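Q: Handing you this structure, nothing more for now.
Derivation of every value follows stated rules applied to the coordinates shown; laboratory data play no part. These figures come from a predicted structure and were not determined experimentally. As a convention, Cβ positions derive from the backbone with ideal geometry for all residues, glycine included, and neighbour counts pool all protein chains shown.
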Number of protein chains: 2
Amino acid sequence: MTQNPSKQPAQDFGGKIVALAGGVGGAKLALGLYRYLQSKNRAKELAVVVNTGDDMDYLGLRISPDLDTVMYTLADLANPTTGWGIKGDTAQALQMLGRYGHDNWFWLGDQDIATHLIRTRGLQTGKTLTQITDEMRTALGIECELLPMTNEPVRTIVETEEVGSLPFQEYFVRRRAADTVKSLTFEGIEEAELTDEVCHALTDPALIIICPSNPYLSIQPILAIPSMRKLLSSSSAPIVVVSPIVGGVALKGPAAANMRSLGGETEASALGVARVYAGFAQRFVLDQVDAEQKSDIEKLAYKVMVTNTIMKDDESKIRLAQEILEGYAAI
Amino acid sequence: MTQNPSKQPAQDFGGKIVALAGGVGGAKLALGLYRYLQSKNRAKELAVVVNTGDDMDYLGLRISPDLDTVMYTLADLANPTTGWGIKGDTAQALQMLGRYGHDNWFWLGDQDIATHLIRTRGLQTGKTLTQITDEMRTALGIECELLPMTNEPVRTIVETEEVGSLPFQEYFVRRRAADTVKSLTFEGIEEAELTDEVCHALTDPALIIICPSNPYLSIQPILAIPSMRKLLSSSSAPIVVVSPIVGGVALKGPAAANMRSLGGETEASALGVARVYAGFAQRFVLDQVDAEQKSDIEKLAYKVMVTNTIMKDDESKIRLAQEILEGYAAI
């Protein structure tokens, strides 16, 4: 990883680069991959498959928070402070909803509403979520594929110790992910079908990357779609995990707490993440601060790359993406 | 009309004051009536019945422009420059819709969207437009009744000389009411029923006021509801018309042009307005600049009040309302 990237030509991947992502954490690496491939005129070889278990219906609007986060990020529209929402967006509608006495705990940016309106209307008129998303990302000038994990509604239900079961956004936003999660249910997952677009992206891909998203809340719903795990693992492409836990903490969100209550780990760690995907993924991208866990992760049959995985700006996102692609693409 | 209003106690109306209104022009007098009655602690005696023929569906949102204009006006939220929309509102969602390549010729304020979302959601969950409107006006602190003319969807279709038939808002907003209107159709009017609330308000009302709204586009749809005209004219209460045409021009909108193409008048005039309602209404409020038309209007069996009908500020709205109420309430 000390090679000078500018002297290294991009390898011929010989297939799609498929990234599985949730929200903010996943979007960062997706952006790095996208920008790097764009610089090589190969953005079209990237497909980002996004969790839709977080989707919700709010006031009749279909909201897909993870899809929106990834889309806004790739379109260079994301709010750089939060990682989600649109930069410079206002909340006039939300304030007015409050004035009408309506629930307004879920952030609804005014520009954001345009996305929700178009998505909702598209679904009402018989389009699939995949079609609608493709039209939106095209309008926003995004050149890579942006694929919802499925077109059918899947809803993550969080069983908490404190207050019983909660729809995902009630747990995550309304109650600020403060409850202890005992188990997860993905409502509708049995009826959820793999889309043609996801199947196509996963037919002989060059590389499958599990972005540094929450393994339980963001990645597990994707893998829980019937046949998805099978399709992923039956491909000859390596599956690379980028750890969302660095130095024992989650870079964003409740992943560390989830790892204890859902993963049965004493402490959150990259090793714990490796255990989640053991036997399924073969490569692991470990942050340099966790280098001492390398040999333990290798014992789980991973090849491990140690590098700086902190993506604090576009440059570091692109650098990490490049290391992953150049390190593994041709293997 | 030269009496000093402050020395005159409000009369006991002995029934509801019912105002029929369209958008901006009607909302002005509705506000005058409301504020005047509020000052007498009698705001609850006012019921404003509003045209819904202008309603439209846009991106899955049910929009009721006239209801919104009257509601925002009574709640002191209306944009004082336009008369419609919410003061200080922004259009971030609309701009984003444009970015997605979506039609954005219909103004959609961000705060406004909250109204449309709540209305749309309410209808989806089985509430009537009357219930939803009542909940919203209550939340906004409006003390009088605000009643859509019917709960069923009625759509005004405008047959134009230039481009054939147009949904109302296409004619009014998108094409800026620039086409010549040959005829109007109120789609759904035969299925539209009088609501219990409108029937109740019109059971022995004290006074029925036709606000200075467009007689063809705003008032005619209300009167076209089966039994509405009968119910109105069978009541013993006088029906008072306030002319929307002053000095031969419409104070707002295409009423003058409509009067020529739809009303068969050579020129727009208060007399022409009087002809529209002749035999149905018995009182006519004529602006002082049109005083010379008084005798011609009287020949149509109207009692005529001549006064200043220009409502340029709240004070003049209240004064006009007071003159109408004190002039006719006890008759």
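Q: Over the protein assembly as shown, what is the percentage of antiparallel beta bridges among all DSSP beta bridges, to the nearest 5?
A: Values: 32 of 82 bridges.
So the antiparallel bridges amount to about 40 percent of the total.
Q: Would you tell me the mean number of C-beta atoms belonging to other protein chains that fall within 10 Å of each C-beta in B:130-136, as a whole number?
A: For peptide B:130-136, the averaged partner shielding equals 1.
Q: Once you charge only the Cβ atoms, +1 for Lys and Arg and -1 for Asp and Glu, what is the size of the charge dipole of the stretch B:112-256 about its Cα centre, to the nearest 20 debye?
A: On the way: 12 positive and 18 negative charges, 78 e Å.
For the stretch B:112-256, the charge dipole is close to 380 debye.
Q: Going through the cross-link list B:K16/B:K230; A:K252/B:K87; A:K87/B:K28; B:K16/B:K312, which pairs have a Cα-Cα distance over 29 Å in this structure? Write down the numbers at each step before the final one.
A: Working: B:K16/B:K230 18 Å; A:K252/B:K87 39 Å; A:K87/B:K28 39 Å; B:K16/B:K312 26 Å.
Long pairs (Cα-Cα over 29 Å): A:K252/B:K87; A:K87/B:K28.
Q: Give the cross-link partners of B:K303 among the lysines, using a straight C-alpha distance below 18 Å as the criterion and excluding same-chain residues fewer than 8 apart.
A: B:K294
Q: Could you work out the Kirkwood radius for chain A, taking every pair of different alpha carbons, averaging 1/r and inverting it, reported in Å?
A: 20.0
Q: Would you work out which of B:L31, B:A206, B:G264 lies farthest towards the positive end of the dipole of the protein assembly as shown? Charges go on Cβ: Lys and Arg +1, Asp and Glu -1.
A: B:L31
Q: If you add up the charges near A:P226, with Lys and Arg at +1 and Asp and Glu at -1, over every other residue whose beta carbon is less than 13 angstrom from its beta carbon, what do you get? Kindly include the intermediate steps, with their values, before the conclusion.
A: Working: positive: A:R229, A:K230; negative: A:E152, A:E190, A:E191, A:E193.
Spelling it out: positives minus negatives among the neighbours equals -2.
Q: Just need the relative contact order of chain A here, percent rounded to a whole number, with Cα pairs under 8 Å and 6+ apart.
A: Working: 653 pairs, mean separation 68.0, N = 331.
The normalised contact order for chain A reaches 21 percent.
Q: Residue-wise, which Karplus ³J(HN,Hα) couplings in Hz belong to the stretch B:278-289, taking 6.51 cos²θ - 1.76 cosθ + 1.60, θ = phi - 60°, and x for glycine or proline?
A: Values per residue, Gly and Pro as x: 4, x, 10, 9, 10, 10, 9, 9, 10, 6, 4, 5 Hz.
Q: Still on this model: So, R0 is 22 Å and r is the distance between the beta-carbons of B:T185 and B:S227; what FRET efficiency does that work out to, to 0.05?
A: Values: r = 19 Å, r/R0 = 0.88.
That gives a FRET efficiency of 0.70.
Q: Another question, if that's okay. Using a 10 Å cut-off on Cβ to Cβ distances, tally the other chain neighbours for every residue of B:238-246 and report the average as a whole number.
A: On the way: counts 0, 0, 0, 0, 0, 0, 0, 0, 0.
Mean number of neighbouring Cβ atoms from other chains: 0.
Q: For the charge dipole of the protein assembly as shown, defined by +1 on Lys and Arg C-beta atoms and -1 on Asp and Glu C-beta atoms about the Cα centroid, which residue among A:I86, B:V48, B:T130 has the Cα displaced farthest towards the positive pole?
A: Positive-most Cα among the choices belongs to A:I86.
Q: Let me check I've understood the local charge: for B:L46, count other residues with C-beta under 11 angstrom from its C-beta, Lys and Arg +1, Asp and Glu -1. What total comes out? Before the final figure, lay out the partial values.
A: Working: positive: B:K16, B:R35, B:K40, B:R42, B:K44; negative: B:E45, B:E143, B:E145.
Taking every other residue near B:L46 into account, the sum is +2.
Q: Mind checking which of A:E145, A:E292, A:E265 has the largest fluctuation in a GNM of chain A, springs on alpha carbons under 10 Å?
A: Highest fluctuation of the listed residues: A:E292.
Q: Please give me the summed charge of the neighbours of A:A278: other residues whose Cβ is under 14 Å from its Cβ, Lys and Arg +1, Asp and Glu -1. List each step's numbers first, then the result.
A: Working: positive: A:R229, A:R275, A:R283, A:K299, A:K303; negative: A:E265, A:D296, A:E298.
Net charge in that neighbourhood comes out at +2.
Q: Karplus couplings for the stretch B:244-256 from phi (6.51 cos²θ - 1.76 cosθ + 1.60, θ = phi - 60°), rounded to Hz, Gly and Pro as x?
A: Once θ is set to phi - 60°, the couplings for the stretch B:244-256 become x, 9, 10, x, x, 10, 7, 5, 7, x, x, 4, 5 Hz.
Q: With +1 on each Lys and Arg Cβ and -1 on each Asp and Glu Cβ, and nothing else charged, work out how big the dipole of the stretch A:5-328 is about its Cα centre, in Debye to the nearest 20. Could the numbers behind the result be given before it?
A: Working: 31 positive and 41 negative charges, 107 e Å.
Here the stretch A:5-328 has a charge dipole of around 520 debye.
Q: Which whole-number percentage describes the relative contact order of the stretch A:1-144, with Cα contacts under 8 Å and a sequence gap of 6 or more?
A: Numbers: 174 pairs, mean separation 29.0, N = 144.
Reported relative contact order: 20 percent.
Q: Just the projected area, averaged over all directions, of the convex hull on the alpha carbon atoms of the protein assembly as shown: how many nm²? Could the numbers behind the result be given before it?
A: Values: hull surface 132.7 nm².
Averaged projected hull area, Cα only: 33.2 nm².
Q: Measure out, as a whole number of angstrom, how far apart the alpha-carbon centroids of the stretch A:72-148 and the stretch B:205-259 sit.
A: 42
Q: Counting only other chains, what is the mean number of Cβ atoms within 10 angstrom of the Cβ of each residue in peptide A:87-95?
A: Working: counts 0, 1, 4, 5, 2, 13, 14, 4, 3.
Average per residue, whole number: 5.
Q: What value, in deg cm²/dmol to 500, does the helix sum -39500 (n - 2.57) over DSSP H runs of n ≥ 4 give at 222 nm once divided by the residues of chain A? The partial results should precede the final answer.
A: Working: 12 runs with 112 residues, N = 331.
The helix contribution divided over chain A gives -9500 deg cm²/dmol.
Q: Could I ask something else about it? Would you work out the relative contact order for the stretch A:96-189, in percent, from Cα pairs under 8 angstrom that are 6 or more residues apart?
A: On the way: 93 pairs, mean separation 20.3, N = 94.
Relative contact order here is 22 percent.
Q: Right, something else. Identify which of B:A47, B:A192, B:A139 has the largest mean-square fluctuation in a Gaussian network model of chain B, with springs joining Cα atoms closer than 10 Å.
A: Most flexible of the set in this elastic network: B:A139.
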